[in-house]
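The values are calculated or read from the model by the stated rules, or taken from the named source; none is laboratory data. Just so we're clear, the structure is a prediction, and the values are computed from it rather than from any experiment. Cβ sites come from the backbone with ideal geometry, for glycine too, and all protein chains shown count toward neighbours. Keep in mind that these areas ignore ligands, DNA and RNA; they rest on the heavy atoms of the full protein, side chains included. Shrake-Rupley method; radii C 1.70, N 1.55, O 1.52, S 1.80 Å.
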Amino acid sequence: MSLNKTIYEGKAKAIIETEDSSTVIQHFKDDVTAFNKEKYEIIEGKGIINNHVSAFIMEKLEKAGISTHFIKTLNEREQLVKKLKITPLEVVVRNVAAGSFCKRFNIKEGERLASPIIEFFYKNDDLADPMVNENHILYFDWLSSKEMDEVKTTTLKINEILVHLFSNASIYLVDLKLEFGRLINDSTKIILADEISPDNCRLWDKNTYKKLDKDVFRLNLGDLKEAYLEVAKRLSVKLD
């Protein structure tokens with residue numbers, strides 16, 4: 001890890017300062033957690049895979065016209081990214097019923113949704129990341145009405161791009177979690193932040209429905225690293 005000061009350390013990543021006040025380093029860790037940290041393990045090399053997969057996907061999104069915080073890969077575990085003020089929201093878009101969605105609505109896992117469904121969750125570990133609606137978001141001033149529309153439009157566009165990308169790799173994009181933030185030097189601009197990797201997507205093999213994401217760890221379904229390597233391989237992501 002860089003010797004510079006760590007500004008923030010989360011479950012799977014650390015954010016490190018640079019000499020440029022408009023950029024930070026995003027460091028990918030090998031830590032894996034589930035059920036609000038009740039389940040925890042270190043899986044050697046997991047962070048390296050996620051770093052490369054996320055960089056690959058962010059570059060694809062940039063080429064498709066999506067503004068992201070990604071600037072460049074620095075090494076096997078680190079990226080240079082734009083410094084943002086992160087909104088305290090997880091934006092989840094669902095294409096297939098899975099996870100908590102099935103429990104909340106008593107729907108069988110694997111049921112295809114007629115159209116993508118966007119859900120918002122307030123990022124707060126102490127409250128177990130409660131689901132919130134647009135009225136909550138406006139009341140607490142996490143997003144303006146205009147930003148809300150922008151985030152929803154961008155989320156659906158990202159989903160469309162990635163459904164196609166993963167489909168070409170014989171993978172279903174079941175759902176994914178996104179985060180957004182405002183540029184430090186231009187608070188009027190809100191862009192995609194965080195990462196997109198098997199850590200925050202549900203990915204199923206199109207033929208066997210085998211899980212290739214963090215559910216492998218959550219549900220004790222086998223070798224997590226092997227699943228992540230399979231995703232990288234199918235996307236033709238180079239890890240060296």
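The packing ranking, built from the mean of other Cβ atoms within 10 Å per residue, places the peptides 112-120, 68-76 in the order 68-76, 112-120, highest first. In a fully extended conformation the segment linking I71 and S21 would gain 16.6 nm over its present Cα-Cα distance, using 0.36 nm per residue.
Ratio to report: Rg/Rh of the chain, with Cα atoms as the point set and Rh obtained by the Kirkwood method; give two decimals. My calculation of the ratio gives 0.93.
Under 18 Å from a label point set 7 Å out along the Cα-to-Cβ vector of L219, the amide N atoms of segment 77-105 belong to 94-105. Note on N168 and Y40: the extension gain reaches 42.8 nm, defined as 0.36 nm multiplied by sequence separation minus the Cα-Cα distance.
The residues packed around S197, meaning those with a beta-carbon under 11 Å from its beta-carbon, carry a net charge of 0 if Lys and Arg are +1 and Asp and Glu are -1. On a per residue basis, the chain carries 51 Å² of accessible surface, using protein heavy atoms and a 1.4 Å probe.
Taking the 1.4 Å solvent-accessible surface of the chain as the whole, the part contributed by carbon and sulfur is 49%. Per-residue Karplus couplings for segment 108-115, computed as 6.51 cos²θ - 1.76 cosθ + 1.60 with θ equal to phi - 60°, are listed in order as 5, 4, x, 5, 6, 8, 4, 8 Hz, Gly and Pro entered as x. Close amide-amide hydrogen proximity is noted between V96 and L113, each under 5 Å apart and 5 or more residues distant or on a separate chain (H modeled in the peptide plane; Pro and chain starts excluded). In a shell of Cβ-Cβ distance under 15 Å around I42, excluding I42 itself, what net charge do Lys and Arg (+1) and Asp and Glu (-1) give? So the surrounding residues net to +2.
Amide H to amide H distances under 5 Å link F70 with K82, where only residues 5 or more positions off or on other chains count and H is placed in the peptide plane. Considering only K152, K63, K83, the Gaussian network model of the chain with Cα springs below 10 Å gives its largest mean-square fluctuation to K63.
Here the label points at L80 and E62, each 7 Å from Cα along the C-beta direction, are separated by 1.1 nm in the simple model. Computed over the alpha carbons of segment 1-110, Rg followed by Dmax gives 16.3, 51 Å. The amide H of T87, built 1.01 Å from its N in the peptide plane, has F180, G181, R182 as neighbours under 5 Å, considering only residues 5 or more places off or on other chains. Divided by 2.2 N^0.38 Å, where N counts the residues, the Cα radius of gyration of segment 85-224 comes to 1.09. Hydrodynamic analysis of segment 189-237 uses the Kirkwood radius over alpha carbon pairs. Inserted into Stokes-Einstein at 25 °C and 0.890 mPa s, it gives a translational diffusion coefficient of 211 µm²/s. Extension gain for R112-D141 works out to 7.1 nm (0.36 nm per residue, less the C-alpha to C-alpha distance).
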